[in-house]
Amino acid sequence: MWTKDSYDRIACRSVVVSASPVWNPAAVVCSLWCPLLIVVTGCRGEQAVDGWSLTFAATILVENKRLGFGEASTGGHGAMFADATGDGLTDLYLTRNLADPLSDLFFRNAGGSRLMPEAVERGIDDLNGGSHGACWCDSDNDRDYDLLNGSTYPGGPSPGHITVFRNDGVGRFREVTEASGISMDREWPTRAVLCLDMDRDGDLDIFAVSGYLGSHDPASERNEVYRNEGGLTFTPVRAGDLFAVPAGQGAADTDSDSDGDVDVIAANRTGELNILRNNGSGNFRLIRPTSIGIRHQAGDGVSIGDVDNDGDPDFGLCGDDYGHLYLNDGGGRLSYAQSFDGTGGYMGALTDLDNDRDIDLVFAGDDRVSINAGFGRFVIGPTMPVTFLDDPRAIASGDVDSDGDVDLAVGAKHSENRIFWNRSEGGRWLEVRLVSPQGQAGAFGARTAIYPAGWLGGADLLGWREPAATTGTWRRTIQYSTLALGCTVSWMWW
């Protein structure tokens, strides 16, 4: 068990904490590779929302045309949240793939549930042949979120390679792809894009999936892997299992076996799920999914979350109109738990919708949410207003209106993209925004956890979250962790 003395010797870096409605921190000590401790006492507020009383209201996201006209946007394939402008509010980026050429969309959060379309003004409309995957990540460790956008097809003024946009600190972006070392001659069809610290050197490397079929993609297609050398410069990695694995569509990164490094799980439409174990120095080994208990495919992506609250990440395997849930038994071995059909879309989000500390499940096109009844057992819950969604591809979760509960963004290919506002009230919550000792906004690879007061590191884990660049197909970016609270807790980051 951790003791107070474990923390007094650790130098603190930047952490921003907000909570609802009253909290009293007794101590804050932090470091990326060591625990951070916040003792929260006297927390008061509403009890958790009854999952059956959840209500959502949908708003169509409207595109701001170059000539000043507005029209509903279509072609959505990816949805990514982050505070891109540095004002403490959660902004939204949507990638699109439908017509050629096609620009992507950025919505600045103006507060009060107002999202302003400003992709052109911010320099990240990225007009090209279409995009699936993108991610917000602090690639140069300067405490703001840069943007990596993967091109699916060449077209327009930009060729079909990953595009790198550098943030000036207030949400104005400059394209620096050529100077960054990203291969300019690569025109393979990029799908998922991940930023992860694969070699544990404090900066974020890149893994991008090429192709959508996986095993049945052309043998000449390989994934893109880049090692971050610092200062937003990258060196390509053109060997190893991560480069050659037959990935298709989506991917996620997490420490699946709890050995202190980040692994990669990549979907495969026409073959086995790709499990890539990290040896700690950024070298990955492909293992058979059956060797760790997985017997289902993930055709489009993987969602990560600890649904049974036992301290290790569980897997949601997702595909077009289906999903499968596997529980992590510890050390990276998983057991089948539940299947879902008729989900109506390509991807699912594992997120706490009702502020009761456990993680619920919502699919991009499903007209009902799945409520966690405890220990990772899901039951059909309230309805979602998805009637007019056509071919929903991506779903993202984040507190857009800053009211302490999770809202949802859905990207749909053949209908308008939408925000689903969570209108339920209640629940105690704690939001934590992390910066690594190296200055990296988000501190990707860290974990945040809550324990009962006096039991830090013990068996009575109340909940934990894991900041990551993109989890799932083309799903979400988390630059902060929001956790529901009980009354008196201890909180830890490691």
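The values are calculated or read from the model by the stated rules, or taken from the named source; none is laboratory data. Note that the structure is a prediction, hence the values are computed from the model and not measured. As a convention, Cβ positions derive from the backbone with ideal geometry for all residues, glycine included, and neighbour counts pool all protein chains shown. Just the protein is used for accessible areas: all its heavy atoms, side chains included, with ligands, DNA and RNA removed. Shrake-Rupley method; radii C 1.70, N 1.55, O 1.52, S 1.80 Å.
Read through the list (1) among the charged types (D, E, K, R); (2) out of contact with any Phe, Trp or Tyr (no Cβ under 6 Å at 6 or more places or on another chain); (3) within 30 Å of S291 (Cβ to Cβ); (4) surrounded by fewer than 17 Cβ atoms within 10 Å (Cβ to Cβ), then give the number of the only condition that D358 fails.
Checking D358 against (1) among the charged types (D, E, K, R); (2) out of contact with any Phe, Trp or Tyr (no Cβ under 6 Å at 6 or more places or on another chain); (3) within 30 Å of S291 (Cβ to Cβ); (4) surrounded by fewer than 17 Cβ atoms within 10 Å (Cβ to Cβ), the one that fails is (4).
Find all pairs meeting these conditions: Cβ atoms under 7 angstrom apart; at least six residues apart or on different chains; first residue within the stretch 292-312 and farther than 22 Å from V193 by Cβ and open to solvent by 30 Å² or more (accessible area, probe 1.4 Å); second residue assigned to a strand (DSSP E or B) and among the hydroxyl-bearing types (S, T, Y).
Pairs found: R295/Y336.
Results for (1) open to solvent by less than 30 Å² (accessible area, probe 1.4 Å); (2) of a type in the set (D, E); (3) farther than 24 Å from N109 by Cα; (4) in a loop (DSSP other than H, G, I, E, B), shown as yes or no for each residue.
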site	(1), (2), (3), (4)
W136	yes, no, no, no
F165	yes, no, no, no
E178	no, yes, yes, no
A192	yes, no, yes, no
M198	yes, no, yes, yes
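Considering only residues that are under 13 Å from G445 (Cα atoms) and either β-branched (V, I, T) or assigned to a loop (DSSP other than H, G, I, E, B) (or both), which ones fall in the stretch 248-267?
T254, D255, S256, S258, D259, G260, D261, V262, V264
Would you mind telling me which numbered condition in (1) touching a Leu at 6+ places or on another chain (Cβ under 8 Å); (2) open to solvent by less than 10 Å² (accessible area, probe 1.4 Å); (3) among the polar types (S, T, N, Q) T90 fails?
(1)
So, in the stretch 217-229, how many residues would count as being farther than 15 Å from T163 by Cβ and open to solvent by less than 30 Å² (accessible area, probe 1.4 Å)?
4
Restricting to the stretch 268-314, name every residue that is touching a Ser or Thr at 6+ places or on another chain (Cβ under 8 Å), assigned to a strand (DSSP E or B) and farther than 28 Å from A219 by Cα.
Scanning the stretch 268-314 gives I304, G305.
Search the stretch 98-114 for residues being under 20 Å from the mean Cα position of the chain (by Cα) and in contact (Cβ under 8 Å) with a residue 60 or more places away in the chain, and hand back the single one that is most open to solvent (accessible area, probe 1.4 Å). Working first, answer last.
Quick first cut of the stretch 98-114, residues under 20 Å from the mean Cα position of the chain (by Cα) only: 104-109.
Then drop every residue that is not in contact (Cβ under 8 Å) with a residue 60 or more places away in the chain, which leaves 105, 108-109.
On the way: L105: 11, R108: 58, N109: 2 Å².
Only one residue tops the list, namely R108.
When the residues of the stretch 358-405 are filtered to those that are touching a Leu at 6+ places or on another chain (Cβ under 6 Å) and assigned to a loop (DSSP other than H, G, I, E, B), which remaining residue is nearest to M116 (Cα to Cα)?
Among those that are touching a Leu at 6+ places or on another chain (Cβ under 6 Å) and assigned to a loop (DSSP other than H, G, I, E, B), it is G365.
Does G282 satisfy the criteria of being touching a helix residue (DSSP H, G or I) at 6+ places or on another chain (Cβ under 9 Å), touching a residue at least 12 places away in the same chain (Cβ under 8 Å), over 17 Å from H132 (Cβ atoms) and of a type outside the set (S, T, Y)?
Yes.
So N422 passes all but one of these: (1) surrounded by fewer than 23 Cβ atoms within 10 Å (Cβ to Cβ); (2) at pLDDT 80 or above. Which condition number does it fail?
Unmet for N422, out of (1) surrounded by fewer than 23 Cβ atoms within 10 Å (Cβ to Cβ); (2) at pLDDT 80 or above: (1).
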